[in-house]
Each structure stands twice: as structure tokens, then as C-alpha cells.
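Participant: Dropping a structure here in C-alpha cells format, bear with me for questions.
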Amino acid sequence: MNNIRKFCVFAMLFLIAGCGDRENVKSVNFDKTENILVKKAATGQQALRIAVGGMITPREGFAYYRRFLTYIENKSGTHVDFVDRENYAEINKMLKNGEIDVAFVCGGPYVDGHKEFGMELLAAPVAYGGSVYYSYIIVPKDSPAKKLEDLRGKVFAFTDPLSNTGTLVPTYMLGMLGTTPERFFKKTFFSQSHDKSVKAVAQGIADGAAVDSLIWEYANRKNPEFTSKTKIIVKSPPYGIPPVVARPGLDENVKSGLRKILLNAHADPEGAEILKGMMIDKFITLDDSAYDSIRDIKSLLDKQKKKS
């Protein structure tokens, strides 16, 4: 195929939504997230639309995700549109409405989407030797805080409202202490991505944050500029790792072909090289029950809300 591919470049704007004094947050000079290339399909030819949200990987990781989607395109012989969105709610809505076909999502949005409209598991990565991940509660390197209770009355950064490790788990932890984020912290805000939460803590904008262990570890190995200025004070129990999912109704042959590409990528030299850059060992099939612990958290949080 010799069709000329055009690329459209979109800059993702950094946004922090605070519950308190937003002006202080706006004045922070965070680097803009890396631009995303969206590959346009040739006219008249069906494209496979795959979403990778700005919250699923640090800025440094997007180059490898772009390469991996190009790898999928070449292996499948189908044009791939790289769709970028900054929040899980929008990605779930697009999957529900059939506006995108496949997405890399967090465990929390998968549980929601599976229950609401039948979002399907395609595959899940194995990273750092396992198919689980954790919520890290982090604080500045020089902070005296040693446990979550030490952050009472402080400023805390969550990531996306639907994020398991970035919002659900720390909210659950507070529930086990008999309190809520609104009562416990002085102020909270949503950073919209884990690496931005790390920056907020490293730069003193937040006294603490809850972040995805996979993303903190990735950044700490690739570019520890900000992780080196933070420390982990709480590591949660393990949860089912963020999966690759498909919209309901996607053609079975398409799903089967995609799953085959994902599961065999580590055995192919080109695929293995890209996965190494993503810090993924390989992709595997994972049963829906791997996400039951997230369902348990959601159920308990719902009960707490009804009591309050």
C-alpha cells in the first residue's frame, strides 16, 4: 500500500481541576503533554479506531504506543486511527457509542464499561513480571509523612475520577478510616494523568497523590526527574492490570486477529523491541474475574455513599 498518510497533530492542554483555589494551580508551569499523531485512513477504506488516553502512560511512553499501533496496522493490514482522549469517561462513552473500536483503559473504567454496556476484554499486559498493579500513595521526598493518616488537612492530587489506582483505591482507604476525601483533606484536585500527579507532588503543588504503580515505575526507570523527588509511603493490595478492551459488537474476526497480534507480539523481534520500550513483557488473556477486587471496592464505596 503506497497511499500517502497524512498526520494531524493535536496538542494536549494541561488542565488541573481543583476543589479550592484554582488560580494557584493555574500558575504552575507544567510542560505540555507530548503531541499525539492521529493517523487518517485512506479514503473509502475502513479503519480500526484505537484509543490511548493521556492518563494511561507517561509522556515518554506515547512514542512507543504510536509505534505499537503502527505495528498492529502492519500486522493486520488494516488502517489504524490513533484516537487520543484525556479522560476515561469520554473513552467509555465512545466505546459504548461505537465511535472507537479498541482502547487501552484502566481497571476501573473496564469494570464500569463491562457492567454498563458490555465492554469486552481483548488482552492484558504482563509488566514487571506480573499481571497486577498497585496504587502508590506518594509524598515529596522530604515530607515527614509516613502513612496516609499523616496527610490529614493537606492538599491531595487524584488523577481521573474513574481511575482505580488514582481515585477509587485512595477513596476506599479513607473509607476504611471512617472518613472521605472531602472531610480528610484540605483540598483535592484531579490532575487528569498519573505523571502530572507525580509532578504536582515533586513541585510542591500537592502534599500527596495516588498514582498507578506501573506509571510511577516506568517514569522512575526512564526519566526519574520527578519521581526522584517523591517517595512511596503506601502500597495498596494488587489489582487486575489495565487491559486492552473492545467495544461490544466488534466483528469477531477483527477481535480474534487483534488478540492474536497482541498475544504473539513478544515472540516477534519488532514487536518485542516495542514492548520493551513500553516496559511490557508480553500480552496474555485474562479472565474477567481478575477485576473482582475492583468491583468489591466500587460496591463498598456505593454503600458508604448511601449511608452518608
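Participant: Could you list all residues from segment 187-212 that are touching a strand residue (DSSP E or B) at 6+ places or on another chain (Cβ under 7 Å) and within 20 Å of residue 142 (Cα to Cα)?
Facilitator: 197, 198, 200, 201, 202, 204, 206, 207, 208, 209, 210, 211
Participant: Name the residue, out of 249, 271, that is surrounded by fewer than 24 Cβ atoms within 10 Å (Cβ to Cβ), small (Gly, Ala, Ser), touching a helix residue (DSSP H, G or I) at 6+ places or on another chain (Cβ under 6 Å) and in the same structural domain as residue 95 (by TED's automatic domain parsing).
Facilitator: Numbers: 249 fails: touching a helix residue (DSSP H, G or I) at 6+ places or on another chain (Cβ under 6 Å).
Of 249, 271, the one residue that is surrounded by fewer than 24 Cβ atoms within 10 Å (Cβ to Cβ), small (Gly, Ala, Ser), touching a helix residue (DSSP H, G or I) at 6+ places or on another chain (Cβ under 6 Å) and in the same structural domain as residue 95 (by TED's automatic domain parsing) is 271.
Participant: So, residue 265, is that one touching a strand residue (DSSP E or B) at 6+ places or on another chain (Cβ under 8 Å) and in contact (Cβ under 8 Å) with a residue 40 or more places away in the chain or not? Quick ask: steps written out before the conclusion?
Facilitator: Numbers: touching a strand residue (DSSP E or B) at 6+ places or on another chain (Cβ under 8 Å): yes; in contact (Cβ under 8 Å) with a residue 40 or more places away in the chain: yes.
Spelling it out, residue 265 is indeed touching a strand residue (DSSP E or B) at 6+ places or on another chain (Cβ under 8 Å) and in contact (Cβ under 8 Å) with a residue 40 or more places away in the chain.
Participant: Quick check on my filter: what residues within segment 87-113 are crowded, with 16+ Cβ neighbours inside 10 Å and not in a helix (DSSP H, G or I)?
Facilitator: Once the filter is applied, which keeps residues that are crowded, with 16+ Cβ neighbours inside 10 Å and not in a helix (DSSP H, G or I), segment 87-113 yields 87, 100, 101, 102, 103, 104, 105, 106.
Participant: Okay, next question. Counting only residues that are under 16 Å from the mean Cα position of the chain (by Cα) and among the acidic types (Asp, Glu), which one in segment 76-113 is nearest to residue 242 (Cα to Cα)?
Facilitator: 112
Participant: So, in segment 233-260, how many residues would count as being more than 18 Å from residue 91 (Cα to Cα) and over 19 Å from the mean Cα position of the chain (by Cα)?
Facilitator: 12
Participant: Given 185, 190, which one is of a type outside the set (S, T, N, Q) and over 24 Å from residue 100 (Cβ atoms)? Show your work before the answer.
Facilitator: Working: 190 fails: over 24 Å from residue 100 (Cβ atoms).
Among 185, 190, only 185 is of a type outside the set (S, T, N, Q) and over 24 Å from residue 100 (Cβ atoms).
Participant: Filter segment 58-86 down to the residues that are polar (S, T, N, Q) and part of a helix (DSSP H, G or I) and list them by number. Show your work before the answer.
Facilitator: Taking segment 58-86 and keeping what is polar (S, T, N, Q), we get 70, 74, 76, 78.
Listed by number, the residues that qualify are 70, 74, 76.
Participant: So which pairs qualify, if the first residue must be in segment 289-302 and at positive phi, the second must be outside any helix (DSSP H, G or I), the Cβ gap must be under 9 Å, and the two must be at least 6 apart or on different chains?
Facilitator: Qualifying pairs under 9 Å: none.
Participant: Given the criterion under 19 Å from residue 300 (Cα atoms), in contact (Cβ under 8 Å) with a residue 60 or more places away in the chain and among the aromatic types (Phe, Trp, Tyr), identify the matching residue among 133, 88, 172.
Facilitator: Details: 133 fails: under 19 Å from residue 300 (Cα atoms); 88 fails: under 19 Å from residue 300 (Cα atoms).
One residue alone meets the criteria, 172.
Participant: Can you name the number of the only condition in (1) surrounded by fewer than 18 Cβ atoms within 10 Å (Cβ to Cβ); (2) free of Cβ contacts under 8 Å to residues at least 60 places away in the same chain that residue 235 fails?
Facilitator: Evaluating residue 235 over (1) surrounded by fewer than 18 Cβ atoms within 10 Å (Cβ to Cβ); (2) free of Cβ contacts under 8 Å to residues at least 60 places away in the same chain leaves (2) as the failure.
Participant: Another one. Scan 74, 92 and give me the residue that is at pLDDT 95 or above, more than 21 Å from residue 212 (Cα to Cα) and not hydrophobic (A, V, I, L, M, F, W, C). Can you show your working first?
Facilitator: Working: 92 fails: more than 21 Å from residue 212 (Cα to Cα).
Exactly one of 74, 92 is at pLDDT 95 or above, more than 21 Å from residue 212 (Cα to Cα) and not hydrophobic (A, V, I, L, M, F, W, C), namely 74.
Participant: Quick one: residue 116 ticks every box in (1) closer than 15 Å to residue 245 by Cα; (2) in a strand (DSSP E or B); (3) of a type outside the set (Lys, Arg) bar one, so which box is it?
Facilitator: (2)
Participant: Of these, 222, 260, which one is free of Cβ contacts under 8 Å to residues at least 12 places away in the same chain and either closer than 21 Å to residue 117 by Cα or charged (D, E, K, R) (or both)?
Facilitator: Checking each option against the conditions leaves just 260.
Participant: Given the conditions (1) part of a loop (DSSP other than H, G, I, E, B); (2) in contact (Cβ under 8 Å) with a residue 12 or more places away in the chain, which single one is not true for residue 142?
Facilitator: That leaves (2) as the condition not met.
The values are calculated or read from the model by the stated rules, or taken from the named source; none is laboratory data. As the structure is a computational prediction, the values presented were derived from the model and not from experiment. Glycine also receives a Cβ, built like all others from the backbone with ideal geometry; neighbour counts cover every protein chain displayed.
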